[in-house]
Amino acid sequence: MARTGNKKNTDQTPVVTPLMAQYNQVKGKYPDALLLFRVGDFYETFGADAIKTSTALGITLTSRNNGGSDIELAGFPHHALDLYLPRLVRAGFRVAICEQMEKPVPGKVVKRSVTEVVTPGVTTDDALLVHNQNNFLATLAFGKNDRFGVAFLDVSTGEFFITEGDTVTMDKLFQSFKPAEVVLPKSRIKEFTAFFGDKFYTFTLEDWIFTYDFGREKLLRHFQTSGLKGFGIEELELGQAAAGAALHYLAATENTQLAHIGSISRLQTDKFVWLDRFTIRNLELVASNHETGTSLLQVLDHTISPMGARMLKKWVLLPLTSLQQIQERHDAVDFFAGNQDFVAQLEPHIRHIGDLERLMSKTAVGKINPREVMQLRRALMAIDQVKKMLSPAALGTSAGALLRLGEGLNPCHTLLERIETAIAPDPPTDVRKGGAIADGAYPELDDLRHIIRHSRDLLLELQQRETERTGIQSLKIGFNNVFGYYLEVTAKWKDRVPADWTRKQTIANGERFITPELKDLESKILGAEEKILELEERLFRELVEEVGAYIAPVQHNAQIIARLDCLLSLARVAVRQHYVRPEMDESLSLEIKDGRHPVIETQLPVGETYIPNDVYLDNETVQIILITGPNMSGKSALLRQTALIVLLAQMGSFVPASAARIGLIDKVFTRVGASDNISGGESTLWSK
């Protein structure tokens with residue numbers, strides 16, 4: 001690609017070219033981001049950005065003349081964006097993508113603008129997301145006396161949570177949600193690091209953005225409400241400040257299409273079992289402390305949808321304290337575990353649904369492609385089948401919790417039929433390649449396609465009609481690059497030429513003419529391909545807007561399917577590992593018969609079985625158990641398995657035991673065996 005340098009005037013004063021002037025203007029608006037500047041078929045970076053890009057991507061660093069001095073230059077082809085953008089973001093860079101907004105015209109600088117700023121915490125790009133993990137942006141508002149408000153927002157799924165608490169609460173939540181990026185007031189960065197360490201990717205904004213008045217106004221405007229009581233967050237002033245800052249940050253990163261963020265929820269920490277970050281780590285709930293180790297989540301996760309996998313992780317980290325909710329989950333797991341034929345019929349439908357949450361987020365920002373729209377159709381068809389399977393006719397009336405889930409599903413039949421009518425059965429990924437819109441959906445498009453497919457026949461039909469009308473037997477249609485299509489008549493027949501023909505050329509043995517009908521057909525034939533592509537793009541955009549009207553019900557479907565997937569996963573584990581349903585009550589007793597460690601028993605060599613243990617505690621007779629024994633005798637394993645069994649029960653799972661009666665607990669603390677790798681046969685005293 002040709003790259004022109006900056007001009008000089010006669011006194012050697014640098015004269016910035018229009019292109020570089022435009023680049024400098026855009027870069028000035030995004031000083032904290034790497035600016036990918038679209039120039040023709042390349043994304044270019046300049047100066048310091050070029051040096052960083054070259055180093056991060058391992059691409060060549062060159063230079064261009066800049067009014068007498070050189071400026072660094074590094075670029076890559078535009079079609080390689082999906083390859084290079086994830087590398088830049090994973091390297092810790094914020095990336096502003098500046099696109100050409102019009103077709104190039106000679107002698108004129110193309111209009112350009114930033115369409116998206118991609119950061120670790122703000123992206124809907126599949127290449128930057130892990131399908132079974134949320135990608136949370138956290139915003140933190142500071143209050144008095146070590147009080148905080150926090151918002152967690154996943155723009156790729158639309159989930160939006162807020163809460164308030166002290167330093168310990170925030171530390172626990174950061175450990176649980178593991179935000180990809182934390183945004184906080186500029187004046188508080190040192191304080192944040194002192195409280196929570198330097199392990200998070202952080203970005204700072206001006207302090208006034210984290211005020212209650214600003215945040216509340218942002219929320220009211222976004223949700224188009226006069227108050228926030230309906231969301232249950234009216235009294236959370238610090239939480240509102242944090243949530244408003246999150247919306248401001250999305251706007252600042254050019255993320256303005258946020259129809260999929262249709263609700264905000266209060267994260268009520270008192271409704272979940274309290275697990276501090278030490279307990280989460282020491283019990284290895286979601287990640288092992290050792291490379292070869294296994295976490296509880298890995299044992300439990302047999303989900304078959306990305307949505308279910310993400311939800312199950314939340315269930316592991318946020319066990320319930322409501323006896324009714326726990327028992328509803330147990331009821332569903334019990335039904336699935338006891339009806340394996342039903343499960344075998346249900347699973348394929350859930351497997352076909354895919355990632356509805358992220359699909360609808362793409363719809364909201366206009367990044368969904370034709371093939372993904374067809375995936376939405378398949379998902380809605382599968383949801384229709386799931387709804388039928390969870391109906392009273394199929395389940396009877398005893399499976400109350402599952403019946404309520406079935407009632408909540410909405411197959412969106414109107415949308416399903418609209419997609420089926422509009423989109424071709426096997427569309428391309430890129431609508432610009434053509435063939436995305438179905439035949440028969442739009443008469444105008446069908447006419448253009450008919451012209452392309454039958455252009456020769458149409459020309460022959462016109463020739464035949466004119467021959468019959470004029471009686472000119474030698475009439476034929478030809479084409480050249482000067483006149484386009486024409487009617488050619490030999491000299492013998494020129495007296496029969498009708499008055500509505502226009503002479504264009506005289507040749508040695510005859511003359512050539514055009515007619516309005518022939519020129520109209522020529523225009524259709526020669527312009528049909530381009531018109532088809534333009535029309536398909538427009539029609540697809542209109543369809544995406546229609547799909548956008550269904551974001552809320554489809555997101556609701558996604559939540560129900562994710563819940564079903566989690567319950568099915570817990571049932572699979574219960575059947576495979578011979579778990580039993582625990583008896584739950586609000587007593588102060590804990591009784592476990594033949595308890596087993598849920599992780600260790602899955603890691604034992606073939607032929608070995610886990611030696612079970614009984615545990616009994618209550619508030620009257622046995623308040624404390626003293627466990628003694630030599631190293632590697634199972635003391636830590638027993639302590640951990642007891643905690644894990646209780647947590648399994650309260651997240652809605654069956655438990656590894658022959659019987660269990662568990663009084664509800666609200667907190668678990670453990671510091672035991674932080675360095676143990678019990679599943680790998682390593683104890684604290686022996687590991688080095």
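The values are calculated or read from the model by the stated rules, or taken from the named source; none is laboratory data. Bear in mind that the values here come from a model prediction, so they are computed numbers and not experimental data. Here the Cβ is made from the backbone with ideal geometry for all residues, glycine too, and neighbour counts use every protein chain on show.
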From the option list Val122, Val150, single residue qualifying as at pLDDT 95 or above and among the aliphatic types (A, V, I, L, M) is Val150
Within the stretch 584-617, the count of residues that are modelled with pLDDT of 90 or more and assigned to a loop (DSSP other than H, G, I, E, B) comes to 9
Quick count over the stretch 125-153, residues being out of contact with any strand residue (DSSP E or B) (no Cβ under 9 Å at 6 or more places or on another chain) and closer than 27 Å to Asp82 by Cβ, is 7
For the stretch 145-155 the number of residues that are surrounded by fewer than 24 Cβ atoms within 10 Å (Cβ to Cβ) and farther than 15 Å from Leu236 by Cβ is 2
Of (1) aromatic (Phe, Trp, Tyr); (2) farther than 30 Å from Val114 by Cα; (3) modelled with pLDDT of 95 or more, Phe278 fails just (3)
Over the stretch 427-445, the set of residues surrounded by fewer than 15 Cβ atoms within 10 Å (Cβ to Cβ), outside any helix (DSSP H, G or I) and more than 23 Å from the chain's Cα centre (by Cα) is Asp439, Gly440
Per the list (1) in the same structural domain as Ser305 (by TED's automatic domain parsing); (2) touching a helix residue (DSSP H, G or I) at 6+ places or on another chain (Cβ under 7 Å); (3) of a type outside the set (S, T, N, Q), residue check on Ala422 breaks on (1)
Checked the stretch 474-522 for anything of a type in the set (Gly, Ala, Ser) and outside any strand (DSSP E or B); matches are Ser474, Ala491, Ala499, Ala508
Scanning the stretch 622-665 residue by residue, those closer than 14 Å to Asp594 by Cβ, touching a Lys or Arg at 6+ places or on another chain (Cβ under 9 Å) and crowded, with 18+ Cβ neighbours inside 10 Å turn out to be Gln641, Ile645, Phe654, Val655, Pro656, Ala657, Ala660
Restricting attention to the stretch 83-104, does a residue exist that is part of a strand (DSSP E or B), modelled with pLDDT of 85 or more and of a type in the set (Phe, Trp, Tyr)? no
Return a yes/no flag: does the stretch 269-291 have any residue that is among the charged types (D, E, K, R), free of Cβ contacts under 8 Å to residues at least 60 places away in the same chain and in a loop (DSSP other than H, G, I, E, B). yes
Condition met for Gly354 (buried (at least 21 other Cβ atoms within 10 Å of the Cβ) and closer than 20 Å to Leu405 by Cβ): yes
If we keep only residues of the stretch 473-495 that are modelled with pLDDT under 90 and more than 59 Å from the chain's Cα centre (by Cα), then the residue surrounded by the most Cβ atoms within 10 Å (Cβ to Cβ) is Trp493
Residue hits (the stretch 48-62; surrounded by fewer than 17 Cβ atoms within 10 Å (Cβ to Cβ) and assigned to a helix (DSSP H, G or I)) are Ala48, Ile51, Thr55
Being in contact with a strand residue (DSSP E or B) (Cβ under 9 Å, 6 or more places away or on another chain), surrounded by fewer than 23 Cβ atoms within 10 Å (Cβ to Cβ) and not basic (Lys, Arg) narrows Glu254, Glu217, Glu235 down to just Glu254
Yes/no for Ala382 being of a type outside the set (Val, Ile, Thr), under 27 Å from Ile261 (Cα atoms) and modelled with pLDDT of 95 or more
yes
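Yes or no, residue by residue, for (1) surrounded by fewer than 16 Cβ atoms within 10 Å (Cβ to Cβ); (2) of a type in the set (Lys, Arg):
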site	(1), (2)
Gly366	yes, no
Glu372	no, no
Asp384	no, no
Lys388	yes, yes
Leu395	no, no
Gly400	yes, no
Arg404	yes, yes
Glu420	yes, no
Leu448	no, no
Subset of the stretch 399-426, residues in a helix (DSSP H, G or I) and among the charged types (D, E, K, R), comes to Arg404, Glu407, Glu417, Arg418, Glu420
